[in-house]
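Below: the structure, in C-alpha cells.
Just so it is clear, none of the values below were taken in a lab; they were calculated from the coordinates. This is a predicted model, so every value here is computed, not measured. Neighbour counts run over all protein chains shown; Cβ positions are idealised from the backbone, glycine included.
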Amino acid sequence: MTSRNSSDDRSSTLRHLVSIDDLTNEEILEIFAIADRISKDPSEFVSICPGQILASLFYEPSTRTRLSFESSMQRLGGGVISAADMRASSASKGESLADTVRVVSAYADVLVLRHPREGSANVAKRYARVPVVNAGDGSHEHPTQTLCDLYSLKVEKGRIEGLDVVLTGDLKYSRTIHSFVYALARFGANLVCAPQPGFEMPDYVIHRLKEQYRVEPHRVEMQDLSSIAPRMDAMYFTPERPHQLSLFTDIREVNVKKFDAVYVTRPQRERYSEAEKITNANAYFRVDRLALSGAKFRETVVLHPLPRVDELGYDLDEDPRSIYFQQAARGVPVRMAVIGMLLGKFNFPAAAVEPRARISARVRTTIECNNQNCITESERRYLNPEFVLASREPLCLRCVFCDAERVVEFVGCSSTRHYHAGASSEVNRIKAENLVAFATEEEAIAAGFTAAAIRGAGQTPA
Amino acid sequence: MTSRNSSDDRSSTLRHLVSIDDLTNEEILEIFAIADRISKDPSEFVSICPGQILASLFYEPSTRTRLSFESSMQRLGGGVISAADMRASSASKGESLADTVRVVSAYADVLVLRHPREGSANVAKRYARVPVVNAGDGSHEHPTQTLCDLYSLKVEKGRIEGLDVVLTGDLKYSRTIHSFVYALARFGANLVCAPQPGFEMPDYVIHRLKEQYRVEPHRVEMQDLSSIAPRMDAMYFTPERPHQLSLFTDIREVNVKKFDAVYVTRPQRERYSEAEKITNANAYFRVDRLALSGAKFRETVVLHPLPRVDELGYDLDEDPRSIYFQQAARGVPVRMAVIGMLLGKFNFPAAAVEPRARISARVRTTIECNNQNCITESERRYLNPEFVLASREPLCLRCVFCDAERVVEFVGCSSTRHYHAGASSEVNRIKAENLVAFATEEEAIAAGFTAAAIRGAGQTPA
Amino acid sequence: MTSRNSSDDRSSTLRHLVSIDDLTNEEILEIFAIADRISKDPSEFVSICPGQILASLFYEPSTRTRLSFESSMQRLGGGVISAADMRASSASKGESLADTVRVVSAYADVLVLRHPREGSANVAKRYARVPVVNAGDGSHEHPTQTLCDLYSLKVEKGRIEGLDVVLTGDLKYSRTIHSFVYALARFGANLVCAPQPGFEMPDYVIHRLKEQYRVEPHRVEMQDLSSIAPRMDAMYFTPERPHQLSLFTDIREVNVKKFDAVYVTRPQRERYSEAEKITNANAYFRVDRLALSGAKFRETVVLHPLPRVDELGYDLDEDPRSIYFQQAARGVPVRMAVIGMLLGKFNFPAAAVEPRARISARVRTTIECNNQNCITESERRYLNPEFVLASREPLCLRCVFCDAERVVEFVGCSSTRHYHAGASSEVNRIKAENLVAFATEEEAIAAGFTAAAIRGAGQTPA
C-alpha cells in the first residue's frame, strides 16, 4: 500500500521545515545566531541568493506571513513568485496538491506553503524538488512563527531555560500556542496555562508534553493571575528535573515569584463550534495595563502572534513591556536565516539529530485518519493513509501527515496471523514491525487473521 | 486626549509623502530634475537600493498605480512585497490599520498605501517605521499622480508659471483635479475651470485656493470653450500678483489668447449620489479632435490621469497634442525619484520648509470629524479625532487626518473658562492655545465652562 | 478604415511572440540551444537583465503559466510587476485593452498577456511599446507552451523529424494541441490523431496542415491504439515528402512500428456546449500504465500540458516514460531564452524569415469577424475588423487578430467597380490589392459597385 507514496525517498536529502520538530535545539540556536547577525548588519546578506527564487503558495490568505517570507527572500537578494490566492487558481481545475507542488517547485528554489488542511505541508515535502517551509497547515504547525516567538523571548530575556511563561486565551485551537509550548518545553521553560474557560489545552498536547518532553502538569491556584484570567483553572507545567521537582513537589507550594512573559492569543473564532461561539461571545480575556499592574508583572514581556482583535489592550502599545511589534518585525531576520539555511548558505550545526518523524516505522493498517481536516481526506486520489505507533496502551497510531492520533480497536500480528483487541495486554508483546491495525474485527477477518486464543494456550505473539 | 496618539512623534525624523503639501516647491523641482536624469539614463540608477523593499498595501484595487510603484522600486534595484487586495486579508480578521502598518512597515523600507478612506495615509505615517507614500486615500490626495501631471506639463511646455490650464469634467469628486489645482497654484499657473454642470469645484477647494495660495477666481464668459463645455459657467483663477491684476482687473477683460493645456477627467461615477447618476448619465463632456479644433487649441497639450471611459476621444490618440500616455509613462521616473529621495539616495534641497500640517497647533475639542468617509470613523478603537484651526470667522477646524473642515458652534477659552458662540467676534480674541471647541452648548457646560457675560462687563478672553 | 488602427506600424521594429508562427524554425532551434545552455549552467544568466521589468497581465487566472514567466525573468536578474487578476482591476472601470497595454508597457520592458478572447495578443502588440508574449488568448495560441512541448520531445528523443506522435483526447478545443500540431508539422513529425469521439481535430486545423505545411491526412485502422482510444477513428498525418510517400502510399499499409510520444490533453470542459458536456461526462480517455502496456509503447514518452484531471493515471508518475513534470519544469529555461531573445540579450539567427502574418496584404471589407470570442467583439470602440486573404476558392478571409476564417458571399473589384458572388470563378482574376469583400449584395451596391455582366461581355476584372 505504501508503494503509491514511494516518492517519499526521492527528496530525502533535502531539508524541509514542516514542524518545529524538524529542527534540533542546536539548529534552532544557530538560526537565532544568524538572525542576530542579520539584525546587526543586513547589508552583509543582500546578495547571497542571486537568481534564486522563493515560491509562495497560499491556499488561504495570510498577507502578513506571505509578505514576511517574500521580504526575507528579497533581502537575501533572491526573487519571489507569489500565488496569494491559490483557491482561485489551478485548484479550481481540479488539480491535486501533489501536482501543483511538483510543478511550482520546479520553478523555484524553496517553496513556502500555507494550506487550510492539516498535514498538507507533509504531503508537499514528498513531492517537492526543493525545500518546503510550512507557513501554516490548518491547526497543525507554523514553525517559523514559533521560531519568531522563541527568538523574541530569547532576545528580550537573554535565555529561555527556567523562564516562567504565562499562556492566555484560546489554548484549544491556537496553532501558535501548541507549537510554542513544545518549543518552550524543549528549551526548559516553565509553562503557566491560563486558558479561557472552555478553551483549555487539549489532552493530546498535554500528553505529548509528558511523553516527549517529560513536562509534568500541576494544578495550581494562582491569585496573581486573577487579574488576567479571573475564572480560570491555571495549570503549571515544569520540566521534570531534580532541582525543580524539589521546589514543586506539592501543588500548594507552586509559587511563581515573577512572570517573565505573557503570551496572548486571539480567539480562533473561525474554528469554533456553534456552542463555543455563544460561550465565548462576550467574555474573552483581555490583557491590558490594568491586568498587568501587579508586582509580579513588572518585568513581564507581552507577546502576541498578531493580528489582535480585542484581547490585547491598545494601551499596552506604548508600554515598554509590550514586545509584540518587535516580535513581528523579527519575522524577517528569522525567516532570512531559515531560508538561507535550507538553501545551504549557512551550515547546519554538526550535531543535527534525525528528526523524530523520520525514524518512526510505519504501521501497516487499513484504517483512515479520523481528523476530518486531514489532507488525506481531500487528496485520496493518490494519497494513502499512513501511521506510526504513538503509544502501546491503548494502542494508538499517529497520522504521519497531520499528527492526529487514533486509538485502534483491533490489532493483528503478521507473524502469528492472530488478531487482538487494541486494548489487550497481548498487544504489548507484538513487535512493531509485525503490527497490523484494523478499524473493525471484520476487516481483520477479511485480511485472513483469526481471533487469538485465550492467553496460556501456548500461542505467543512474536 | 491626544496622549493616545502619542506615537505621532516617534517617526518625526522620517519624511513621508501623504500630500503634495509635504513637499516644498524646491523639493518638487528637485524631484523633476532627478526624473529628468533617470529618463536620460536609467542604467545609472539600477542598483541604488539593493536589498531594500517597497511594500504595496492596496485596500482597493488600482493595478496601474500599484504596478507603477512596483516597477519604480525594481528599476532602482530594490524588491517589492505586494498586497493587491488587502480587503481579502488580515483586515477580515478585524485588524486595525495601525497594526497592519506597524507590522508590514517592519518588513519594508518604504510603504505605499492605497485606501478608500480619507486620511488613512495620515494615520499610516504615525505608525509606520518607514516612509509612507500615499497612493490615494479616498477623495483626499494622491500626490505622486499630481507630481506626474505637473512634471508632464513642465516637460511639454518648459515651464508651469503663467500657463493657462483648462480643467474639464468632474471637478467635484476628482481627487486628481483637487491636488492638481493646488500644485498649479503654487507654481503660478492660471486655472480655467470648465466643469460638467452640477460637478463644479467645491467651495472648500476654492476657499483653500484663496486662503493658502492667494488665487482669485473670476467668473468669465469664454466663447472659445463652447466646443468642449457647451453649458458651463467657466471660472478663471489667477494668482494675485501685481502684473496679473493689472491685466485682469475686470471680468470682461479676461481673454485667454491660447490654452496651454486641457486636463480631462473621467466621471467619478462610483462617488455619485443617486440624483447625480441620473443627471450625468448621458451628458458627460467629451474632448476630442473636433472640440479642440479652434485656433486657441493649436498648441494645447491634452492631459488625462487615465483610465478614460468616453470623455476622451480615441481620435486624439494619434494627435501630437495628446500627451496622456507619456504622462502615464512618466509615472515611473517620477516615482523612482520620490522613492529614492525618501530612502535618502538623493539629497533634499537645503531650503526645505517645514510642511504646513506639522506647524499648526492642535485645538482641544470634543467634536468628531463629520466627513463620513474619514479614517477616524473606522478606526475609533485607538484613534481620537484631532483638529487644527482652519479659520477664525466663522471658527472653523480642519481634521488633521482627512483635511475636512467643520464650523464650530461653541468655543471655550481655557483661561477664562467661559464659552462663546463659534460665530461670536469674541472668539477672535482667544489665543489659539486656549481654544476649546464644543459641538453643543451642553458639552461646554459639562466640561465646566460657563456662558460668557455680555461684552463690556470686564471679562476679556485671553 | 484602417487608419484608425494606424499604430500598427509604430512598433514594427519590435519582435513579439504571439503565435508560434512568429518564429522561424531556425529561431526555434536557437531558443532550444539557449535553453540547453541555461539548463546546464543557470548561474551564467543570473544578471543579464538588471533593472529590467517583465509585466504580467492576466485577464484570467493561470498561476502555473504566470509563475513560470515570473520565475524566468527573475532568474535572468530582472524584476516583475504582476496583475494576477485583471478582471478585478481597471477593466472594471471600463478601460480598453489598448489603453491598459499602452500604459503598463510603459512601466516594463516586456509584456506577458493572458486573455480569454482570441486575438487579444495581436491587439496588444499593436499598442505596446515593448515586446509582447502571448501567454494564451482564448483557444487561439499559447506559443511558449508549444515551445516547451516541442523542446521536451527534442530533449527526450534527440530529434523531432520523423517521430510518430500520438495526440489523444480533446483535439477540438485544446489550444495547446492546435499549436503543437503546426509546430510538429513544421519540423517534419508524423501525427497520429486519436480523438475523443465528438472532439475531433477541427477542419480548419486540418486545412491549415495541408495548405501551409503540406501534411496529408490518412484514415487508418490502428489496432495498437485500441487500448488508449477504444472507439476512435484514428488519423495519421505525414509530411508530403518523397521518401515517406513511398512508405505510406496506401491507407492499409500505414503501420507504425512504435509510438515515440503520446500527448494527452484534459477535457476543456469550460469550452463545451451543453450537448458536449453530456456526451463527454463519463467517457473521457484515460492514459495509464495499462493503456501503454503494448510493445509499441515501450519507448513512448508521455506528455501532458497539465493540469490533469482524470485523463492521466497517477500510476504513470513513477514510470520512466512519463515526462510531463520535466516538460513543465522546462518552461523556465525555454521562457528564459524567449525573454532574453526578445530583450536582445541573445542574437536571433541571421536567416530569420518574415513571419507569415506580416507579409499578407489586407483585404478591404465591410464584414466583421464571426468568431463570437474574437477580441474585435469587445474592443469595437477603437478597433476595426481586418482581414487577409486565406484562400480563393471559395473566397475566404482570415481575421488578422484571431485567425478565424470566413467565406465571403460577395466580392468587388475596385478597378472595374463590379461585384461578383464569392464563389464565382471570376474572383480568381481579381488582383489581391483590388479585392473588396462584402457581407451582402446590398453592401456592395451601397458602396457603389454594380453587378458584373455575364462573362464574355468584355468586362475583365484586373
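How well do other chains shield peptide C:56-62, expressed as the mean number of their Cβ atoms within 10 Å of each residue Cβ?
2
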Highest first, please rank the peptides A:439-448, C:428-437, C:134-143, C:53-62 by the mean number of other Cβ atoms sitting within 10 Å of their residues.
-> C:134-143, C:53-62, C:428-437, A:439-448
Once the Cα gyration tensor of the stretch B:362-451 is diagonalised, semi-axes √(5λ) in Å | 22, 14, 10
Taking each residue of A:97-110 in turn, how many C-beta atoms of other protein chains fall within 10 Å of its C-beta, and what is the average?
-> 5
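Between residue A:326 and residue C:274, what's the calculated FRET efficiency when r is the beta-carbon distance and R0 is 51 Å? Round to 0.05. Working shown, then result.
On the way: r = 59 Å, r/R0 = 1.16.
The formula returns an efficiency of 0.30 here.
Among B:68-77, B:194-203, how do they line up by average Cβ neighbours within 10 Å per residue, starting with the highest?
Values: B:68-77: 26.8, B:194-203: 18.0.
By packing density, highest mean first, the sequence is B:68-77, B:194-203.
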Using R₀ = 35 Å, calculate the FRET efficiency as 1/(1 + (r/R₀)^6) where r is the Cβ-Cβ separation of residue C:226 and residue A:439; round to 0.05.
-> 0.30
Quickly work out the residue C:432-to-residue A:392 label distance, labels modelled 7 Å from Cα along the C-beta direction, and quote it in nm with one decimal.
-> 8.7
Here the averaged projected area of the stretch C:288-344, based on the convex hull of its alpha-carbon atoms and given in nm², is 4.8
The aspartates and glutamates whose Cα lies under 12 Å from the Cα of residue A:210, excluding any fewer than 8 residues away in the same chain, are A:240
Residue separation times 0.36 nm, minus the C-alpha to C-alpha distance between residue C:88 and residue C:161: what's the value?
-> 21.8 nm
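Per residue of A:64-77, count partner chain C-beta atoms within 10 Å of its C-beta, then hand back the mean as an integer.
On the way: counts 10, 1, 4, 12, 5, 2, 7, 10, 3, 2, 13, 8, 2, 4.
The mean count of partner-chain Cβ atoms within 10 Å per residue comes to 6.
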At most 16 other Cβ atoms within 10 Å and a DSSP loop assignment: could you name the trypsin sites (Lys or Arg not before Pro) in the stretch B:145-222 that fit?
-> B:159, B:214
Set the Förster distance to 60 Å, then compute FRET efficiency between residue C:378 and residue A:361 from the Cβ-Cβ distance, nearest 0.05.
-> 0.50
